[in-house]
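Everything on this sheet refers to the single structure shown next.
We did not get these values from a lab; they are worked out from the coordinates using the rules stated. Everything quoted here is computed from the prediction, not taken from an experiment. Don't worry about glycine lacking a Cβ; one is built from the backbone with ideal geometry, like all the others, and counts go over all protein chains shown.
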Amino acid sequence: MVSGHKLSREEWESKISMFHAKHKTMTKEEAMMEYMKVAQDLETYGVNYYGVVNKNNTDVLLGIDALQISIFTLIGVPLSR
């Protein structure tokens, strides 16, 4: 996951430390709500994945959500939308 973003390891550690300091007094319920707010903004939120083999005999993932069907390589790169 970290390698898919443009932050260095130090930047990740800094962001995580700041996030923890900001949220460490939350109740479990508040933390779950904050998590859901972040998760629902992710591009792959709500996608169900199915392993399939395409016509080139390559293993890919078929991603299905409420809006579309996508095909992903096994490293998560969309092939088409």
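Each peptide in 36-47, 18-29 receives the mean, over its residues, of other Cβ atoms within 10 Å, and ordering these scores from highest gives 36-47, 18-29. Bridging of Lys24 to lysines at a Cα separation below 30 Å is possible for Lys6, Lys15, Lys37, once same-chain residues fewer than 8 apart are set aside. Rounded to the nearest 10 degrees, what's the angle between the helix 28-39 long axis and the longest principal axis of the chain, both from Cα atoms, 0 to 90? Tilt relative to the chain: about 40 degrees. Amide H contacts of Ile71 (H built 1.01 Å from N, in plane; Pro and chain starts excluded): Gly63, Leu79, Ser80 sit under 5 Å, all sequence-distant by 5 or more or on other chains. Diagonalising the gyration tensor over the Cα atoms of the chain and scaling each eigenvalue by 5 before taking the square root yields semi-axes of 32, 17, 9 Å, largest first.
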